[in-house]
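Single-structure report; data block below.
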Ligand code: GDP
Ligand code: MG
């Protein structure tokens with residue numbers, strides 16, 4: 001295809017503002033998919049997504065559109081994930097296209113994810129077309145929202161396209177805006193091949209599928225290609241485009257987006273952001289690279305039944321083959337035995353992986369407290385600064401006497417919230433050691449920007465934010481760097497024995513509060529035993545909080561009077577089932593849920 005007849009774009013939006021519905025309409029109105037095959041959320045329902053149960057991977061569709069100028073254009077839409085954990089995947093797919101539709105719900109206005117995503121589009125030098133959606137609803141207020149887009153984001157919105165993705169109003173206008181207002185890609189057909197590796201995933205029939213954007217040159221079937229970063233060579237098996245199902249083509253030229261398969265064994269062999277060129281007469285300089293995505297949240301995964309350790313290893317290895325941003329290493333815990341220390345992009349990512357292990361591999365897990373990476377600076381010789389250790393697990397915290405100081409990761413958080421909940425949000429941020437950087441208003445919504453420690457956010461910040469604002473707040477964050485603070489490791493002792501899987505890193509000033517809260521929680525979560533159980537929180541050797549779980553006075557079944565045998569039996573069965581989800585620590589049974597619940601701060 002001629003470059004001037006190609007338009008590559010993505011759609012950026014806050015969740016629920018109508019991105020998927022609009023994509024469906026664009027596909028449908030251009031007859032890309034026959035009406036009888038049309039189903040809702042076409043892009044979202046593609047296999048890869050159904051498999052993961054959530055929009056994580058970028059999806060792509062190629063649409064042919066006959067414009068009002070009489071010419072036929074190829075429109076490539078790359079769909080991007082909306083969740084904060086996957087901001088990195090958004091940024092890399094943005095670099096494969098030249099423009100964005102900025103979809104804003106005209107009954108709601110700009111939200112935190114609208115901002116986060118549009119900033120990525122701006123950073124990728126996109127031309128941006130504002131699209132005001134849901135104009136069919138009585139609460140729609142296009143003038144107000146257009147003004148808000150100008151005020152908050154600084155994009156001219158006088159020519160914003162007004163649409164109802166649901167009832168199909170303004171779809172033609174949107175297609176015309178894509179053709180007339182977004183730039184065509186540039187590239188040199190005769191130059192050596194340079195293709196950007198945008199994404200890759202495992203397909204049960206085809207093996208590893210690689211999504212590429214051709215920058216220069218031509219990619220042909222049968223060519224031998226080289227991945228410039230890894231140096232690996234492969235013959236190209238298949239080349240194709242997404243309509244949105246895979247359709248094979250013979251070649252892809254500059255500006256085009258499509259896929260290749262090349263008998264690549266595992267997704268790990270494909271580095272997102274890598275440059276693909278031909279083995280012979282290839283490009284000399286790779287494209288400007290991406291930063292690899294780094295796990296930021298770590299936790300331990302242990303089988304409830306220690307006999308399932310090998311099964312867990314198998315499950316984790318399989319999942320890791322196709323998710324390069326998930327890391328793992330073996331871990332042993334005095335309390336939990338053998339397991340794995342795993343790294344994730346964020347909490348949602350953690351939950352997705354944990355659920356898949358439990359659901360698809362049928363292994364019950366104990367998940368230890370999520371932790372971030374701390375920088376531990378050791379004392380050197382003669383007052384010289386010593387080495388820095390990356391601490392992924394509170395259990396590995398060196399003895400404090402050998403430590404000079406600690407640094408923790410910080411984030412810049414953007415929260416948008418209706419006025420009436422602002423007070424609660426500010427209090428929450430303050431409670432989590434946040435420093436306010438900015439507070440502005442757009443209409444009846446406030447936008448608060450906070451500098452927060454990541455460790456105060458990874459656990460339940462988002463849940464708390466949703467609950468104090470009745471779901472009306474939106475939230476987004478990005479990592480900003482490391483800063484020194486007075487952090488300590490707090491251990492939890494149950495019946496005088498430290499349970500390493502419950503250790504957490506906390507700020508010194510908040511340790512007592514957290515310690516008391518955890519002990520109280522654990523007192524409710526651990527069932528009574530035949531003996532009294534002290535539950536303590538300690539820093540170093542010093543106990544800072546303590547609760548005592550009273551002993552059972554007599555056998556529980558004693559309270560069923562002699563005659564009622566069925567009730568007695570039921571009770572015993574229930575106890576037995578409960579036992580399955582418990583792990584023994586010394587003489588004490590601790591239920592699986594205690595490991596996560598103990599950390600919640602409400
Ligand atoms: P996404 O999260 O941005 O992909 O949003 P969806 O496309 O899934 O839409 C979220 C909800 O808004 C769904 O219930 C849609 O049916 C609804 N929706 C999308 N566009 C419109 C619209 O133009 N008008 C109305 N009334 N509802 C819409
Ligand atoms: Mg969607």
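Only the coordinates and a few stated rules stand behind these numbers; no lab work does. In this text the structure is predicted, and so the values were computed from the model without any measurement. Backbone-built Cβ (ideal geometry, glycine too); neighbour counts: all protein chains shown.
Calculated FRET efficiency, residue 263 and residue 364, Cβ-Cβ r, R0 41 Å, to nearest 0.05? Let's see the in-between values first.
Details: r = 37 Å, r/R0 = 0.90.
So, using R0 = 41 Å, E works out to roughly 0.65.
Given R₀ = 56 Å, FRET efficiency for residue 338-residue 280 by Cβ-Cβ distance, to 0.05?
Details: r = 49 Å, r/R0 = 0.87.
The computed FRET efficiency comes out at 0.70.
Between residue 310 and residue 484, what length comes free when the chain is fully extended (0.36 nm per residue of separation minus the Cα-Cα distance, one decimal in nm)? If you can, show how the numbers build up before the last one.
On the way: separation 174, 0.36 × 174 = 62.64 nm, distance 3.95 nm.
Extra length available between residue 310 and residue 484 comes to 58.7 nm.
Just to be sure I follow: if Rg is taken over the C-alpha atoms of the chain and Rh is the Kirkwood radius over the same atoms, what is Rg/Rh? Intermediate results must be reported in sequence, preceding the final value.
Numbers: Rg = 27.4 Å, Rh = 26.9 Å.
Reported Rg/Rh (Cα atoms, Kirkwood Rh): 1.02.
Can you show me the helix-derived [θ] at 222 nm for the chain, built from DSSP H runs with n ≥ 4 at -39,500 (n - 2.57) apiece and divided by the number of residues, rounded to the nearest 500.
Working: 13 runs with 135 residues, N = 602.
Calculated mean residue ellipticity at 222 nm is -6500 deg cm²/dmol.
Output the direction-averaged projected area (hull surface divided by four) of the convex hull of the alpha-carbon atoms of the range 146-265, in nm². Show your work: numbers first, answer last.
Working: hull surface 43.2 nm².
That works out to 10.8 nm², a quarter of the Cα hull's surface.
Within the range 468-497, find all residues whose amide N lies under 20 Å from a label point positioned 7 Å from the Cα of residue 532 along Cα-to-beta-carbon.
Only 493-497 pass the distance filter.
Along Cα→Cβ, 7 Å out, is where each label goes; now give me the distance between the ones at residue 389 and residue 449 in nm to one decimal.
Once both label points are built, they end up 3.7 nm from each other.
Contact order normalised by length for the chain, with contacts defined as Cα pairs under 8 Å and 6 or more residues apart; what percent is it?
Values: 1285 pairs, mean separation 56.1, N = 602.
Dividing the mean separation by the residue count of the chain yields 9 percent.
Tally the DSSP beta bridges in the chain and give the antiparallel ones as a percent, rounded to 5. Mind dumping the intermediate values first?
Values: 113 of 132 bridges.
Of those bridges, close to 85 percent are antiparallel.
Going by alpha carbons, how many degrees (0 to 90, nearest 10) lie between the helix axis of 171-181 and the longest principal axis of the chain?
Its long axis makes an angle of about 70 degrees.
Listed highest first by mean packing, meaning other Cβ atoms within 10 Å per residue, what order do 367-377, 488-498 come in? It would help to have the intermediate numbers written out before the result.
Numbers: 367-377: 21.4, 488-498: 18.7.
Per-residue Cβ counts within 10 Å, averaged per peptide and sorted highest first, yield 367-377, 488-498.
What is the angle, in °, between the Cα long axis of helix 422-431 and the longest principal axis of the Cα atoms in the chain? Nearest 10 is fine, range 0 to 90.
60 degrees
Give, in whole angstrom and from largest to smallest, the semi-axes √(5λ) of the equivalent ellipsoid of the range 270-392, with λ running over the eigenvalues of the Cα gyration tensor.
Numbers: eigenvalues 191, 139, 29 Å².
The three semi-axes for the range 270-392 are 31, 26, 12 Å.
Which value in nm describes the separation of the simple spin-label points at residue 288 and residue 28, placed 7 Å from the Cα toward the beta carbon?
The two pseudo-label positions are separated by 3.9 nm.
Where a ≥ b ≥ c are the square roots of the eigenvalues of the C-alpha gyration tensor, would you call the range 478-535 rounded, which needs a/c under 1.5, or, failing that, prolate if a/b is larger than b/c, or oblate? Display every interim value, and only then the final one.
On the way: a/c = 2.79, a/b = 2.68, b/c = 1.04.
Judged from the Cα gyration tensor, the range 478-535 comes out prolate (a/c at least 1.5, a/b above b/c).
What translational diffusion coefficient, to the nearest whole µm²/s, does the range 435-532 have by Stokes-Einstein, given a Kirkwood radius computed over alpha-carbon pairs, a temperature of 10 °C and 1.306 mPa s viscosity?
On the way: Rh = 16.7 Å.
Translational D for this selection: 95 µm²/s.
Enter the angle in degrees (range 0 to 90, nearest 10) between the Cα long axis of helix 309-321 and the first principal axis of the Cα atoms of the chain, meaning the one along which they spread out most.
Long axis of 309-321 versus the principal axis of the chain: about 20 degrees.
Beyond 23 Å, what percent of the Cα pairs of the range 350-477 remain?
51 percent
What FRET efficiency do you get for residue 204 and residue 430 if R0 is 60 Å and r is their Cβ-Cβ distance, rounded to the nearest 0.05? Walk me through the intermediate numbers first.
Numbers: r = 49 Å, r/R0 = 0.82.
According to the calculation, E is roughly 0.75.
Take the Cα pairs of the range 142-196, get the Kirkwood Rh, then feed it into Stokes-Einstein at 4 °C and 1.567 mPa s and tell me D in µm²/s.
Values: Rh = 14.2 Å.
Roughly 92 µm²/s, to the nearest whole number.
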